[in-house]
Amino acid sequence: MAINDDLLLDILQETDAPNQSGSIDSAEREELEALLAVYHLSALSENAQSQKLEPMPDSLQHIVQTEGEALISTALSDKVVPIKAKSKAHSVWPQNIAIAACLLLAMVAWYPRVIEQFKTPETIEQTLANFSSDANTVSLAWQATEDKAALDAQGQVLWNQGSQKGYMRFKGLAVNQSDEYQYQLWIFDKSRDADNGHPVDGGVFDISDSDTETIVPINAKLGVDKPYLFAVTIEKPGGVVVSKQERIVLLAKPQALLKS
Amino acid sequence: MNTATTILQRIASDDQSAIKACIKQYNGLIWSIIRNAGFYNGEAEDLVQNIFIEIWKSADRFDPNIRSETVFITMITRRRMIDFLRKKMTEQNRLEFREELPSVPAYTNDSLADAFDVQSLRDNMQILSDDEQQVLKLSTVLGLSQSEIADKTGLPLGTVKSHMRRGVQKLQKLMQSPQILKEGL
């Protein structure tokens, strides 16, 4: 990571360090950073006018908390169970069975996150038909905004509150280059709004063909209690933790409720 | 050395409840640092989000045997703040922040007192000359570069560099004093 602290750079470059090659010793750099941090803290408290601490605004604390919880939630869902190798003296068969079992378990755990494009269209349709037939599944039509990526876009979002799962169907949404930007789903939740929270991240996806239908499973990063709006935005590659909502392309609201 | 699990260690072990605890414990510290550097409104909020994201991602590098949590978080805050200053702000904007270092609502916090004896540190700060203290504060608190400090104070650049170097060397000696440190940096 580049150092932009001029003070630190200057001291490190001109100090009588034992390393004569001129390269920066990372341990020494870190110690100097720590020293300056301590000094900074003492300077802050030096001219104390009162003992009162100025807290960060509640709304900002909520934003930061949401981001942190989402990061840990993602980290937990990405955990891989390590498979330990046994010694050669043992039979390989029990080991192979154990490996196969772990892989199968991992596949089952990760299955909802797999984009359905690897299945045949008939299988996808059957999956959606079964999903839609659930009494707890609602279907909402996408409403395109005036964003140029959404001019010809249409489709629907299917959401099952009980299972916290869903699917999005798109046609006509502009093809994206994933290294330039990606689409990201947001689920607006009334219970989070009440706590000044932010919408729940529903996952990042790409559109490779706008002429044929694309089906994307919804991957909500947090629990959704009272969803009232689904929105698709355009974000940087990899998505964001909190969207600035500068490019909203599609919205799905209860007013457009369709019988599923 | 305290062997209780720290907030950052809990975050590193994916304990979601530690997120709220971390914010509750350190929101005032981080907010005070960036507000003292002159950040407000949208920029302050952007910066705070960047800082906390780095805290979450760096939690697994925290070792309580090396330094206190307060200092670790302050280091991250300063790094992000200085990066932000260098990249986003023009030189003129930064110099216009303050005519002098502000007397702002104090940062006083139990966790700071746990890290080292603040009062002793303040008392011994007089080993630094007024010039050394001034240039160090302009650099560490406001994030001004040495050339900017030279412009602001009227001191030659070489003199600014000398004051900073001597000031840091004195601080290093001071910080090794057992009267100052309770748990180390």
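Bear in mind these aren't lab numbers, they're just calculated from the coordinates by the rules spelled out. Keep in mind the model is a prediction, meaning the values are calculated, not measured. Ideal geometry is used to build each Cβ from the backbone, glycine not excepted, and the neighbour counts take in all protein chains shown.
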Suppose the chain between A:Arg29 and A:Leu151 were pulled fully straight at 0.36 nm per residue; how much longer would it get relative to their current alpha carbon spacing? 38.6 nm
What does the charge count around A:Asp211 come to, taking other residues whose C-beta lies under 11 Å from its C-beta (Lys +1, Arg +1, Asp -1, Glu -1)? -2
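Over 29 Å between Cα atoms: which of A:Lys236/B:Lys137; A:Lys253/B:Lys20; A:Lys171/A:Lys221; B:Lys57/B:Lys152; B:Lys20/B:Lys173 fall into that group? Intermediate results must be reported in sequence, preceding the final value.
Values: A:Lys236/B:Lys137 37 Å; A:Lys253/B:Lys20 31 Å; A:Lys171/A:Lys221 25 Å; B:Lys57/B:Lys152 37 Å; B:Lys20/B:Lys173 37 Å.
In this structure, A:Lys236/B:Lys137; A:Lys253/B:Lys20; B:Lys57/B:Lys152; B:Lys20/B:Lys173 lie more than 29 Å apart at Cα.
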What are the ³J(HN,Hα) values, in whole Hz, obtained from phi via the Karplus relation 6.51 cos²θ - 1.76 cosθ + 1.60 with θ = phi - 60°, for each residue of the stretch A:228-236 in sequence order, with x given for Gly and Pro? 10, 7, 10, 9, 10, 10, 9, 10, 5
Cα→Cβ-extended label distance, 7 Å offset, between B:Ser17 and B:Asp151, nm: 5.2 nm
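Given axes a ≥ b ≥ c from the Cα gyration tensor, I'd like to know whether the stretch A:123-195 is rounded (a/c under 1.5), prolate (a/b larger than b/c) or oblate.
Values: a/c = 2.00, a/b = 1.27, b/c = 1.58.
Because a/c hits 1.5 or more and a/b fails to exceed b/c, the stretch A:123-195 counts as oblate.
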Per-residue ³J(HN,Hα) for the stretch B:72-77, Karplus 6.51 cos²θ - 1.76 cosθ + 1.60, θ = phi - 60°, Hz, x for Gly and Pro: 4, 5, 5, 4, 5, 4
